[in-house]
1. Looking at (1) modelled with pLDDT of 95 or more; (2) surrounded by fewer than 18 Cβ atoms within 10 Å (Cβ to Cβ), can you tell me which one Val104 breaks?
2. I'd like the residue in the range 140-151 that is open to solvent by less than 70 Å² (accessible area, probe 1.4 Å) and of a type in the set (Gly, Ala, Ser) and, out of all such residues, is farthest from Pro41 (Cα to Cα).
3. Can you tell me which condition Gly120 does not meet? The list is (1) surrounded by fewer than 16 Cβ atoms within 10 Å (Cβ to Cβ); (2) more than 23 Å from Val13 (Cβ to Cβ), and all the others hold.
4. Asp85: open to solvent by 60 Å² or more (accessible area, probe 1.4 Å), more than 12 Å from the chain's Cα centre (by Cα) and not β-branched (Val, Ile, Thr), yes or no?
5. Just the residues that are part of a loop (DSSP other than H, G, I, E, B) and open to solvent by 40 Å² or more (accessible area, probe 1.4 Å), please, taken from the range 123-139.
6. Name the one entry in Thr154, Thr160 that is in contact (Cβ under 8 Å) with a residue 24 or more places away in the chain, β-branched (Val, Ile, Thr), surrounded by 15 or more Cβ atoms within 10 Å (Cβ to Cβ) and touching a helix residue (DSSP H, G or I) at 6+ places or on another chain (Cβ under 8 Å).
7. What's the total number of residues in the range 2-59 that are touching a residue at least 40 places away in the same chain (Cβ under 8 Å), farther than 17 Å from Trp169 by Cβ and open to solvent by 30 Å² or more (accessible area, probe 1.4 Å)?
Amino acid sequence: MSSSDVFSEQSNVDPDTLANLGPLARLAGKWRARKGLDINPKADAPERRVFIETIDMQPIDPQSNGPQLLYGLHYHIHITTEEEDITFHDQVGYWLWEKETGLVMQTVAIPRGQVALAAGKVAVDAEAFSVLATRGHAEYGICSTAFLEAAFRTDSYRITITFNPDGSWSYVTDTELMIQGRDAPFMHQDRNTLHRIGDPRPNPWAAILARRKPAPTDQSVAAAGQVAGPSPDPS
């Protein structure tokens, strides 16, 4: 394939996303924690809040940008607090992995009028990794509403993921904000350690193919037994 060919897609694409997630494989599934920490800006002083977090990350079908092949997870983050019934934070997006280049991307969308695309190069067996988005960049950047841009401008976003020996994983997000009327940036930070509460489901394409596989019949089971022959007599 020519390097100038941006239309031809890869052939022989493996339909099983769970087998092709690289460093993202250990994020697949449903996760929960009750002791997350949020440090956010307030008028008088930074506020520290403890939160309850549920994250659902499920595999999607392989995605092609012409010759670029991506495997990934669709995620939904829902956060509440002990003090309030209303949602504290809601976020959706995708984690994406390009095996050919080692590129990991996270798309971020929150219902306050802000989106971001963060990226970083990651080894397939990495025990920790980070992705970064920076305001003003055309490739891996941040886009906000006019109000947020004026009052709480987000200049950068970084999330660092660390996998733990017990199967849990931890994250730290650092978001640099320029707040209206202040000279110095504010570092908004969230951190948590998530524990698995549910396994991932197969991606839709893999699930369809699995359903199409014929179930073994009594005749095929009997034939397999005849080919194998009788078990040796242990006496």
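The values are calculated or read from the model by the stated rules, or taken from the named source; none is laboratory data. Since the structure is predicted, the reported quantities are computational estimates derived from the model, not experimental observations. Backbone-built Cβ (ideal geometry, glycine too); neighbour counts: all protein chains shown. Areas reflect the complete protein model, heavy atoms only, side chains present, ligands, DNA and RNA absent. Shrake-Rupley method; radii C 1.70, N 1.55, O 1.52, S 1.80 Å.
1. With (1) modelled with pLDDT of 95 or more; (2) surrounded by fewer than 18 Cβ atoms within 10 Å (Cβ to Cβ) applied to Val104, the lone miss is (2).
2. Ranking the qualifying residues of the range 140-151, first place goes to Gly141.
3. With (1) surrounded by fewer than 16 Cβ atoms within 10 Å (Cβ to Cβ); (2) more than 23 Å from Val13 (Cβ to Cβ) applied to Gly120, the lone miss is (1).
4. In short, yes.
5. Residues satisfying the conditions are Ala123, Val124, Asp125, Glu127, Arg135, Gly136, His137, Ala138, Glu139.
6. Step by step, each of Thr154, Thr160 is checked, and only Thr154 is in contact (Cβ under 8 Å) with a residue 24 or more places away in the chain, β-branched (Val, Ile, Thr), surrounded by 15 or more Cβ atoms within 10 Å (Cβ to Cβ) and touching a helix residue (DSSP H, G or I) at 6+ places or on another chain (Cβ under 8 Å).
7. Summing the residues that are touching a residue at least 40 places away in the same chain (Cβ under 8 Å), farther than 17 Å from Trp169 by Cβ and open to solvent by 30 Å² or more (accessible area, probe 1.4 Å) in the range 2-59 gives 13.
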